[in-house]
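The values are calculated or read from the model by the stated rules, or taken from the named source; none is laboratory data. This structure is a prediction, so every number in the text was calculated from the model and none was measured. In this analysis, Cβ positions are derived from the backbone assuming ideal geometry, glycine residues included, and neighbour counts consider all displayed protein chains.
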Amino acid sequence: MKNILFVDDERPVLDGLRSRLHRLHTKWNMEFVDSGAQAIEQMQTRPYDVIVTDMRMPAMDGAKLLEIVSARWPQAIRIVLSGYAELAQTTRLVPFAHQYLSKPCQPQQLEIVIERCLLLHELLNQPRLREIVGRVRKLPSLPRIYVALQSIVRDEHVTLSDVAALVAADSALAARVLQIVNSAFFRLPRKLSNIEQAVSYLGFQAIRNLAMSVEIFSQWPRGSCAGLDLNRLQQHAHTVAAAAGALTAKTPLADDAMLAGLLHDIGYWILAQECPDDLSNAVELAASTDIALHAAETRIIGASHAEIGAYLLGIWGLPYSVVEAVAHHHQPARVEHSSFDVLAAIVIGHSLAQTDGASPFGTRVPPDPKIDESYLIAVKAPFDWTEATRRIPQISDTPEIAT
């Protein structure tokens, strides 16, 4: 039985939720309280899987409540309901809320969002690992991207393409921008996966606010974890994104495939920040036993960077196809393919993209096994091996972002 806590200072709203969600009482244990203080008292009595709170409440508003919850109960998935869409308010919520829903919110919509969040528990089924992800409030951005973004948005001659290129150049920043633009505050008819569209929708002022918010951006933790080459990791993400984009060019999969490529290793930002010693131990295990690094991570940590990164993207509400591709890009056999999809594009691109040297962790880490023609046949790829290898070398050497 999953525990869900609803918080709203308006009793009619709580009563309405209680009435409309009553049919779910056999699978959810639901509690309804009318203040942040009562919510904290309730959180102390039992572990809650999800907390859903109103934003504007007297004494303690939703942002302050979720700040406390994120610190004391980081494993809880945090959802905000609000009838207001001011950018400043949204930005204030970014470090603490996982998803945003606009009021009035239909019970069916709320149910779907909660159900999808709970399904992510199956992906990352150890409470300790959910706590690791839950306490992450800010993903580190590489300093050169952070500095360049602040500079470029001050330029009165800057273009949309200029800003979008910088946003897309950094996985952590791209993930946060898409989290904001895909929130229900903006009432988009569909989720956006294209970075330039997201930047265009938010506008330069919003991007500047995000860049200046210390709650979102931080420097990478000092010291290199397990010999991790940050620039090479970033370059690898670009290469895979470009490869996946080439394989899905002019198809409906293109935007999500490129986004999944850009974010497929986002879990390393979490591991390097929250448990660097465990990651270092996993690298040593992979090198000494000649096993894949993701397998070593699972042995040491309990899950790999793939599952941890996908869990974070999932609770942020990014498209399911992206979450699935990030979660399974090292082990695609865990997913049944009925047709060529985003995951298949990432797996093929990851395997065939030509890189200019060792992995981000150095030459000691064994490379992943390569796929072959049989995988393309299994996933019903709309191209053969010759065509796949023809497309990818054209985009494999993605240029660095100049500073």
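Those residues that are among the basic types (K, R) and in contact with a strand residue (DSSP E or B) (Cβ under 9 Å, 6 or more places away or on another chain), I need them from region 286-345; list them, please. Passing the criteria: none in range. If the condition is being at pLDDT 80 or above, in a loop (DSSP other than H, G, I, E, B) and among the hydrophobic types (A, V, I, L, M, F, W, C), then region 382-403 contributes only F383.
Scanning region 273-293 for residues that are surrounded by fewer than 23 Cβ atoms within 10 Å (Cβ to Cβ) and without any contact (Cβ under 8 Å) to a residue 60 or more places away in the chain yields P276, D277, D278, S280, N281, E284, L285, S288, T289. As a summary of the residue check, A242 satisfies the conditions (1) part of a loop (DSSP other than H, G, I, E, B); (2) among the small types (G, A, S); (3) surrounded by fewer than 23 Cβ atoms within 10 Å (Cβ to Cβ) except for the one numbered (1).
Quick one: how many residues across region 291-305 are assigned to a loop (DSSP other than H, G, I, E, B) and among the small types (G, A, S)? Residues in region 291-305 being assigned to a loop (DSSP other than H, G, I, E, B) and among the small types (G, A, S): 4 in total.
Could you check, for region 345-356, whether at least one of its residues is closer than 22 Å to L118 by Cα, in contact (Cβ under 8 Å) with a residue 24 or more places away in the chain, under 18 Å from the mean Cα position of the chain (by Cα) and surrounded by 24 or more Cβ atoms within 10 Å (Cβ to Cβ)? Please lay out each step first, then the result.
Going through region 345-356, the residues closer than 22 Å to L118 by Cα turn out to be none.
No.
A303 satisfies every condition listed in (1) small (G, A, S); (2) crowded, with 24+ Cβ neighbours inside 10 Å; (3) in contact with an Asp or Glu (Cβ under 6 Å, 6 or more places away or on another chain) except (3).
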